[in-house]
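The next block holds one structure in the form of structure tokens; read it before the comments.
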Amino acid sequence: MIREPRNQSSADSAQFDMVERVFAQSAGTLAEKADAFGKFASRQAIGKFLARYEIFKKILGVNGSIIECGVLHGAGLLTYAKLSSLFEPANHVRKVVGFDTFAGFPSIADKDSSGTSSHLEVGGLSGSSLDDVAAAVALYDTNRPLSHIQKIELVQGDLTVTAPQYLKDNPHLVVALLYLDVDLYEPTLAALRTFVPRMPKGAVIVFDELNARMFPGETLAVDEALGIRNLRIERFQFDSYVSYCVL
């Protein structure tokens, strides 16, 4: 999750510090603590997890892969992969593909410049490295059905370049879920122009920063590519940012 320093109160900061202290002092191995995530995770993080779960349920009957634009630390990517392993263990053709620079924002366009986020700079929101997320993918592969068939793909680089190239290299691609979380105008526009033509009726587009003053580029790109008035954009009561539309 993104934590914007400008939006955090002193109570928020104290709570984050307390989480780390309680986690460090709590009984159990690291693996046991990870499995007991509900004990330590914030209500916001639980809300984000529930939003991903509810979105995944909407595509269970829709053919196609999951494209996540913006991996950050890999929480969303691995959540979708694990939900697929749980609910549709034989569906080896549904890939989960994560696009990221793994080095933060490559550039900031003029249409992003009015944003209020302190992360709006080259290299901002770098998240985890490619090797770090790849290690989590390898861990996931040790405990899933059909583990000899690749489930998760990681695509590194500027999405304005890598998305069109990925489609060229994978002309069979059908997209059931497009998760937009790159925050910026140019990569969001590239993702929409590349992948929406491969999305059937019933597929879902998820927006992580729509109507967000911190990152105006996402709204501008969605309006340019699809037209806000053409979409029925819905949201969940328990998450402030995630919204979606069903095609």
*Identify the single condition in (1) in a helix (DSSP H, G or I); (2) open to solvent by 40 Å² or more (accessible area, probe 1.4 Å); (3) free of Cβ contacts under 8 Å to residues at least 12 places away in the same chain that LEU50 does not satisfy, given that it satisfies every other one.*
(3)
*For the subset of region 1-55 comprising residues that are among the aromatic types (Phe, Trp, Tyr) and modelled with pLDDT of 85 or more, which member is farthest from ILE67 (Cα to Cα)?*
PHE23
_Search result, residues across region 17-47 that are open to solvent by 40 Å² or more (accessible area, probe 1.4 Å) and either in contact with a strand residue (DSSP E or B) (Cβ under 9 Å, 6 or more places away or on another chain) or aromatic (Phe, Trp, Tyr) (or both)_ = PHE23, PHE37
_Among the residues in region 89-102, are any within 26 Å of ILE46 (Cβ to Cβ) and surrounded by fewer than 16 Cβ atoms within 10 Å (Cβ to Cβ)?_
yes
*Any chance you could count how many residues in region 104-126 are touching a residue at least 24 places away in the same chain (Cβ under 8 Å) and outside any helix (DSSP H, G or I)?*
14
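List the helices (runs of 4 or more DSSP H) that sit entirely inside region 147-247 and contain at least 1 residues that are in contact (Cβ under 8 Å) with a residue 40 or more places away in the chain and open to solvent by 40 Å² or more (accessible area, probe 1.4 Å).
185-195, 217-225
The values are calculated or read from the model by the stated rules, or taken from the named source; none is laboratory data. Since the structure is predicted, the reported quantities are computational estimates derived from the model, not experimental observations. When we count neighbours, we look across all protein chains shown, and the Cβ atoms used for this are built from the backbone with ideal geometry, even at glycine. These area figures cover heavy atoms from the full protein model, side chains too; ligands, DNA and RNA do not enter into them. Shrake-Rupley method; radii C 1.70, N 1.55, O 1.52, S 1.80 Å.
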